[in-house]
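Participant: The structure is given below, and queries will be raised subsequently.
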Amino acid sequence: MRGALAPLLALSAQAVRPASGNADFDQGLSLLEAGRPAEAIPLLRRGFAALPALPAAPFYLGRALLLAGDPREAREALERAARLAPLVPAVQTSLGEGAAAAGAFEQAERAFERAFELRPSDPAPLLLLGEMHLRRSVFAKAGEAFSRAAKVGEPGDVRAWRGLGEADLGRMDLPGAGAAFRRALAVGPRDGLSLYGLGMVLLRAGDLGGARAALLEAEGILRRDAGVAYELGTLAARAKDPREAIRWFRETLLRDPAHAGATHALGQTLLALGRTEEGRRTLERFRAKKPIFDAVFTASLQAAAAPADPGLRESLVLYSFALGDLERARRELEALGRLRPDWRGDGRLAAVGLCLEGRFEEALPRLRSALGAGDPTARAILEEVEARAAARKDSAR
Amino acid sequence: MRRASFLLLGALGGCADEPPPVFRDVAQEAGLDLRTLCGDPEKPYIVDSLGTGAAFLDFDLDGRPDAFLANGSRLRGFPPGEEPRPRFYRNTGEGRFVAAVVGLERPAWWQGCAAGDFDNDGDPDLLVTSLEGPVLWRNLQGSFGDATAPAGVAHRAWGTSASFADLDADGDLDLYVCGYVRFELERTPKGCPWKGVRTFCGPLGLPPEADRYFRNEGDGTFVEASAAAGLAVPDPAYGLGVVASDLDQDGAPDLYVANDSAGNFLFWNRGDGTFEEGALFAGTAYSRDGVPQSGMGVDAGDADGDGDFELFVTNFESDHSTLYRNLGARRFEDVSSEADLEAPTFLMLKWGTRFFDFDHDGDLDLFEANGHVYPQVDAVPGLSYRQRNQLFRNDGGKFVEVGGTSGPAFAVAEGNRAAAFADLEGDGDLDVLVTRIDGLPALLRNDGASRLPWIRLRLDGRRSNRFGYGALCLLRTGGREQRREARSDGSFFAASEPVVHFGLGGSAAADEIEVRWPSGQVDRAPRLPAFRLYRVVEGEGFHPVSGADRSD
């Protein structure tokens, strides 16, 4: 499950907005507010150089760097801002975010706690703290942070209750998770993610009717969410309705072609229905891609613990691409570009970059020379590119 | 365990009134006193983490299972004479053990155990794996001799669990040895992140060690035949647990291998001693979600009483143990959630396991030995390095955790690893020997089940292998049928007593017992009274060998 908390900081950041009189800084700030952090960065750098004692200068530079995906430099800028304005909650919150993104989790925890201490009426730092622990699968600490956030004001924040539900679900505390998701829904009855969470809890608790109702409602709200479709497939399989299960697993794969669980479950369900050839074909595809599914799974976990590690980003680019998840490959390549601007020096990455621009024919020979022969990831990447290049040729004909 | 008063037996069939059995750790009073060691306490490398194994085998053929406890070492070694050594214990009766020097006290970094009569001479032999290859100890009736090289099973590799089974149906026991990691200290990184702490690295990222299959040639020697038998896979994995069981009911034992951090293997036996790997199509490679789990221990048993064998695999922390229900036609389904095993096993790191009828109600319950691999997890809220073991009562196909009401032994948190099962006192119920990493073992004595009806079968093969490994035993009573296989393997790092055990669910006798031997021979006996151990000689029939007649 996921949460999107970025807007919180944009709001709280207003607290340190200055009138600087420096044109670069002001223009950079405007670009940042317009959602163009990458363009804002050079201007904000110049502004920072001109206004070294102004807390807002490193603060907004840090924000821009953070939004542009450069956590290491962002953290440095935000540390500077925190030295200049240690009592501003928004600065501490941003520092927490920057430190978390750079993998400095203890520093992040201290900063989030400090921010909350400075403004106990605002649960935002605790929500971010909880999210950080969730991403790292430290569920007990995540639950504690969300639980504290939920107590800020009545009836509490829907994200806090939902986060608590997610933390409890991560520990397989089904009663706790169910109660938390229900509290989230009491605050925000149309919160699709809480309905999704509740559906997962009820499914695991064996309440198939309740799970179905919650998941269908989540489906109506979230629309085209691969996770919800997958859970509905699993639910149908458990309810011994294989045709419905197949429908949902196929839907999952339409929404997320790299969904390993749906590929596996689809194959198993087809086999259970006696559609042996089709089932075996699906599972053969799963087997062929399995090393990559596994690698993505592992690298994603590791990247959550070490978000600024360029090696892990590099792996995620290649793995996502090998699974045909071009959207994710593009995102990961962008993130890698910020950590390692010279990524084109690596033949494999350069070839993937060409493919992402649709230049498959140019990429193919470079890939063939760059990839190791006995490597299943390399095999899968090559197959993916060859298939796409062939498809392109066909459509051109 | 101790015998109960006859008065308690008042109403056979009235088991509901009986207090449930409880387990007590009696290792110290029983004399099992070996404190084992496995690496440095901080566990900087993966080699430090697996612990050591245990075996039950009736070494001296006195009818009582003797015990073997493996021991480990550490990377920096020990001064000569100070090395940890394994220990063998003779069972002197009444559940007491005495350490005995029998020739296998050699120091090494020992791992798992497998027991079986590989030379068909009527006594059990012992294979112990280690970081540097296995040693096959031949039972010389009074001592053990190292038969590794002459028997042809010598190889240098980190072996874990192993299984003796007659895989080619020729009447002798073949051998399957799981390989784990090709460990090279200088190439192994240190300090990998895990939930905010730094722990040892691996197995992911380290090269896997291939499993090996040794075919018994019938003359006391083996030939490595992994490739010839179809048991050499192109992508080896990190093998930790293995069980040989006839999962498709074609009369030939199949092999199921639990792999760490990778899909599990299921090798279907074609009936001619060759195999095909089919875990993915069978639905037993991964969890329901298609996720590779971290298989540790494994067992097979008819958990739902429908006549075929389910598979159970214990896995890592933050993942559930997996129960695969056998659907027939070589298909299984992950029913961990439906069986209520998902949530209670989730936070545990699980190892030794077995289906066993601890309360004699006629269905198979489950035991899990638990303990984390990272001492550093004590700094992670909600997790702990030392964990308590779990006992699950089979309640109509759902499993209810009953450790909390099953005696003080289940309240103790330790670094549990291997679990071996046997009836130590010959009182009819099953006790559990659990090894603990860097600690003393636990001997969980079952107190209470023996007053409820039971039958045990000790098999004596003639055309089949000597202890009847792989024989299918059927007990029919009150319109129900129970099926059990004779074997010693499964669990993790452990060899259990191969005597077949039935709880009778309140019936005073079995209406009929049938033994289907691997040779094809079928032996049947009608109306066998409970509370007895029967020796079943292939082709000759059933002979009671001990046990009180509780009917008077």
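Participant: As a test of the definition: which semi-axes, in Å, follow for the protein assembly as shown when you take the square root of five times each eigenvalue of its alpha carbon gyration tensor? Largest first, please. It would help to have the intermediate numbers written out before the result.
Facilitator: Values: eigenvalues 587, 176, 154 Å².
In descending order the semi-axes read 54, 30, 28 Å.
Participant: Given points 7 Å out from each Cα along the Cα-Cβ axis, report the B:L185 to A:R340 separation in nanometres with one decimal.
Facilitator: Taking the two extended label points, one gets 3.1 nm.
Participant: While we're here: Pairs of alpha-carbon atoms within less than 8 angstrom and 6+ residues apart define the contacts here; what relative contact order does chain A have, in percent?
Facilitator: Values: 595 pairs, mean separation 31.4, N = 397.
For chain A, the relative contact order is 8 percent.
Participant: Right, another one. If the convex hull of the alpha-carbon atoms of segment B:194-304 is projected onto planes in all directions, what is the mean projected area in square nanometres?
Facilitator: Values: hull surface 37.5 nm².
Convex hull of Cα atoms, orientation-averaged projection: 9.4 nm².
Participant: In segment A:282-304, what residues drop by 40 Å² or more in accessible surface going from the chain by itself to the full protein assembly, probe 1.4 Å?
Facilitator: A:R287, A:K290
Participant: What number do you get for segment A:81-139 when its Cα radius of gyration is normalised by 2.2 N^0.38 Å, N = residues?
Facilitator: Working: Rg = 10.6 Å, N = 59, 2.2 N^0.38 = 10.4 Å.
My calculation over the Cα atoms of segment A:81-139 gives 1.02.
Participant: Between B:E132 and A:E117, what FRET efficiency follows from the Cβ-Cβ distance if R0 is 56 Å, with the result rounded to 0.05? Present the calculation step by step, with values, prior to reporting the outcome.
Facilitator: Values: r = 56 Å, r/R0 = 1.00.
That pair, B:E132 with A:E117, gives E of 0.50.
Participant: Relative contact order of chain B, please, whole-number percent, based on alpha carbon pairs below 8 angstrom and at least 6 residues apart.
Facilitator: Values: 1724 pairs, mean separation 88.7, N = 552.
It rounds to 16 percent for chain B.
Participant: Further question: Taking Cα pairs under 8 Å and at least six residues apart, what relative contact order does segment A:179-270 come out at, in percent? Walk me through the intermediate numbers first.
Facilitator: Working: 115 pairs, mean separation 18.1, N = 92.
Dividing the mean separation by the residue count of segment A:179-270 yields 20 percent.
Participant: Kirkwood Rh over Cα pairs of segment A:52-185 into Stokes-Einstein at 20 °C, 1.002 mPa s: D in µm²/s? Working shown, then result.
Facilitator: Details: Rh = 14.9 Å.
Rounded, D is 144 µm²/s.
Participant: Sticking with this structure for a sec: Please give the calculated 222 nm ellipticity per residue for the protein assembly as shown, where each DSSP H segment of at least 4 residues contributes -39500 (n - 2.57) and the sum is spread over every residue; nearest 500 deg cm²/dmol? Walk me through the numbers before you get to the answer.
Facilitator: Working: 26 runs with 321 residues, N = 949.
Calculated mean residue ellipticity at 222 nm is -10500 deg cm²/dmol.
Participant: Provide the gained length on full extension for the span B:R76 to B:V400, in nm with one decimal, where the gain is 0.36 nm per separating residue minus the Cα-Cα distance.
Facilitator: Details: separation 324, 0.36 × 324 = 116.64 nm, distance 4.42 nm.
Contour length minus the Cα-Cα distance gives 112.2 nm.
Participant: Find the Cα radius of gyration of segment B:146-253, compare it with 2.2 N^0.38 Å by division, and give the number to two decimals. Show your work: numbers first, answer last.
Facilitator: Working: Rg = 16.9 Å, N = 108, 2.2 N^0.38 = 13.0 Å.
That works out to 1.29 for segment B:146-253.
Participant: Calculated FRET efficiency, B:R35 and A:R247, Cβ-Cβ r, R0 51 Å, to nearest 0.05?
Facilitator: Details: r = 58 Å, r/R0 = 1.14.
Computed FRET efficiency for B:R35 and A:R247: 0.30.
Participant: Here's a follow-up. Subtract the Cα-Cα distance of A:D207 and A:R72 from 0.36 nm times their separation in residues, and report this length gain in nm to one decimal. List each step's numbers first, then the result.
Facilitator: On the way: separation 135, 0.36 × 135 = 48.60 nm, distance 4.59 nm.
Contour length minus the Cα-Cα distance gives 44.0 nm.
Participant: Once you put a point 7 Å from the Cα of B:D272 and another 7 Å from the Cα of B:E94, both along the Cβ direction, what distance in nm separates them?
Facilitator: The answer from the label model is 5.8 nm.
Participant: Provide a list, ordered by number, of residues in segment B:332-353 showing at least 10 Å² less accessible area with every protein chain present than when their chain is taken on its own, using a 1.4 Å probe.
Facilitator: B:E333, B:S337, B:E338, B:E342, B:A343, B:F346, B:L347
Participant: Hey, with R₀ at 51 Å, roughly what FRET efficiency would B:A228 and B:A379 work out to, going by the Cβ-Cβ distance, to 0.05?
Facilitator: Working: r = 49 Å, r/R0 = 0.97.
Computed FRET efficiency for B:A228 and B:A379: 0.55.
Participant: Let me check I have the definition right: for segment B:446-552, take the eigenvalues of the Cα gyration tensor, multiply each by 5, take square roots. What are those semi-axes in whole Å, largest first? Present the calculation step by step, with values, prior to reporting the outcome.
Facilitator: Values: eigenvalues 92, 59, 31 Å².
Each semi-axis is the square root of five times an eigenvalue, giving 21, 17, 12 Å.
Participant: Sort largest first and round to whole Å: the equivalent ellipsoid semi-axes of segment B:485-524, each the square root of five times a Cα gyration tensor eigenvalue. Write down the numbers at each step before the final one.
Facilitator: Numbers: eigenvalues 107, 63, 6 Å².
For segment B:485-524, the semi-axes come out at 23, 18, 5 Å.
Participant: Hey, could you grab the Kirkwood Rh for segment B:222-282? Inverse mean 1/r over distinct alpha carbon pairs, Å, one decimal. Walk me through the numbers on the way to the answer.
Facilitator: Working: mean 1/r = 0.0839 Å⁻¹.
For segment B:222-282, the Kirkwood estimate is 11.9 Å.
Participant: Additional query: I'd like the per residue volume of the convex hull spanned by the Cα atoms of segment B:267-306, given in cubic angstrom. Provide the component values of the computation, followed by the final result.
Facilitator: Values: hull volume 4.9 nm³, N = 40.
Enclosed volume per residue, from the Cα hull, is 121 Å³.
Participant: Taking just the alpha-carbon atoms of segment A:308-374, what radius of gyration and Dmax come out, in angstrom?
Facilitator: 11.0, 32
Participant: Can you give me the % of accessible surface on segment A:24-97 that is carbon or sulfur? Probe 1.4 Å, all protein chains present, nothing else counted. Walk me through the intermediate numbers first.
Facilitator: Working: 1620 of 2920 Å².
Solvent-exposed carbon and sulfur of segment A:24-97 make up 56 percent of the total.
Participant: How large is Rg/Rh for segment B:301-429, to two decimals, with Cα atoms and a Kirkwood Rh?
Facilitator: On the way: Rg = 15.0 Å, Rh = 15.3 Å.
With Rh from the inverse mean 1/r over Cα pairs, Rg/Rh is 0.98.
Participant: For segment A:224-294, evaluate the Debye formula with one uniform point scatterer on each Cα (no solvent term) and list log10 I(q)/I(0) at q = 0.16 Å⁻¹, rounded to two decimals.
Facilitator: -0.47
Participant: Moving to a separate point now. Please compute how much accessible surface disappears when B pairs with A, both sides summed, using a 1.4 Å probe, and round it to the nearest 100 Å².
Facilitator: Result for this pair: about 2500 Å² buried.
Participant: Considering all projection directions equally, how large on average is the shadow of the alpha-carbon convex hull of chain B, in square nanometres?
Facilitator: Numbers: hull surface 89.4 nm².
Averaged projected area of chain B's Cα convex hull equals 22.4 nm².
Participant: OK, next. Given the convex hull over the Cα atoms of segment A:255-325, what projected area results after averaging over all orientations, in nm²?
Facilitator: Mean shadow area of the hull around the Cα atoms is 4.9 nm².
Participant: With a 1.4 Å probe and every protein chain left in place, work out the accessible area per residue of the protein assembly as shown in Å², rounded to a whole number.
Facilitator: Values: 34460 Å² over 949 residues.
I get 36 Å² per residue for the protein assembly as shown.
Participant: Can you give the Rg and Dmax of segment B:14-99 based on its C-alpha atoms, in angstrom?
Facilitator: 17.3, 60
Participant: When only alpha-carbon atoms are used, what values of Rg and Dmax, in angstrom, describe segment B:371-492?
Facilitator: Looking at segment B:371-492, its Cα Rg and Dmax stand at 17.8, 57 Å.
Participant: For chain B, give the percent of accessible area contributed by carbon and sulfur heavy atoms, probe 1.4 Å, rounded to a whole number.
Facilitator: Within chain B, the accessible surface is 49 percent carbon and sulfur.
The values are calculated or read from the model by the stated rules, or taken from the named source; none is laboratory data. A quick note: this is a predicted structure, and the numbers were derived from the prediction, not measured. A quick note on method: Cβ atoms are made from the backbone with ideal geometry, for glycine too, and the neighbour counts reach across all protein chains shown. Only protein heavy atoms, including side chains, enter the accessible area calculation; ligands, DNA and RNA are left aside. Shrake-Rupley method; radii C 1.70, N 1.55, O 1.52, S 1.80 Å.
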